[in-house]
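The next block holds one structure in the form of structure tokens; read it before the comments.
The values are calculated or read from the model by the stated rules, or taken from the named source; none is laboratory data. Note that this is a predicted model, so its numbers are computed, not measured. Don't worry about glycine lacking a Cβ; one is built from the backbone with ideal geometry, like all the others, and counts go over all protein chains shown.
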Amino acid sequence: MKELFDIALSPWVLPYTVMLCLFVVYWLLAAIGTMDIDSLDIDADADADTDGGGFMAGFLKIVNATDVPLMMVLSLICLFKWMLLVMYHGYVGFASLWWGGLLGIIGAFIIACIVTRILMKPLSPLFAAFKQGENDEEPVYGRECEVVSGTLTDKYGRVEIPRERGAPAVVACRLVEGDVPLKRGDKVVLFDHDKENSLYVAKRI
């Protein structure tokens, strides 16, 4: 255990140890509803014309993650890269050589992306099914929805929209500014759509 701790805090691995800890904190906050897992998602088609968005969109397509939450993809890549670096420096012992450390970082990143691509391939249709209906022509205004995130406030939250055609759609949603926060299972009514931020606006029933 001490050896693992020493490797995790070594100069070549420490940045990824910190990143992994931040991702763990993020998912803990998401689990209790404080963070929205889609808050940092990138629309591959909408951002294709911008340099940063185009690069990220291409990267997401490479790892089969265009329909999967961005933070999930980055978390898996970070986790696998951290594990690979720990094994690399634990067994190969090139930590003291700059070129060996650099080789480990590059190699671990490539392998982590390949593993993530393999894992995301069967999950992409599942998340695509969840998103189906967010932008279709079926009317949703005035429809009663259920809060599915830990909380729903004017800053974050998600609701499930029942649909007459197909499965329910889980979408990002915000309460009217100033409304009292709601909890999972509470009912709201959608009355507006913020296209710029790709989310719906709701009010308490």
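Among the residues of region 12-36 satisfying the criterion of being farther than 30 Å from Gly104 by Cβ and outside any helix (DSSP H, G or I), which is modelled with the highest pLDDT?
Among those residues, the one meeting the criterion is Ile32.
Consider Ile106 carefully, then state whether it is at pLDDT below 85 and β-branched (Val, Ile, Thr).
Working: at pLDDT below 85: no; β-branched (Val, Ile, Thr): yes.
When the stated conditions are applied, Ile106 does not pass them.
Name the residue that is surrounded by the fewest Cβ atoms within 10 Å (Cβ to Cβ), counting only residues in region 159-175 that are modelled with pLDDT of 85 or more and out of contact with any Pro (no Cβ under 8 Å at 6 or more places or on another chain). Working first, answer last.
Step one: list which residues in region 159-175 are modelled with pLDDT of 85 or more, which gives 159-160, 173-175.
Subsequent filtering for residues that are out of contact with any Pro (no Cβ under 8 Å at 6 or more places or on another chain) retains 159, 173-174.
On the way: Val159: 27, Cys173: 25, Arg174: 22.
Within region 159-175, the match that is surrounded by the fewest Cβ atoms within 10 Å (Cβ to Cβ) is Arg174.
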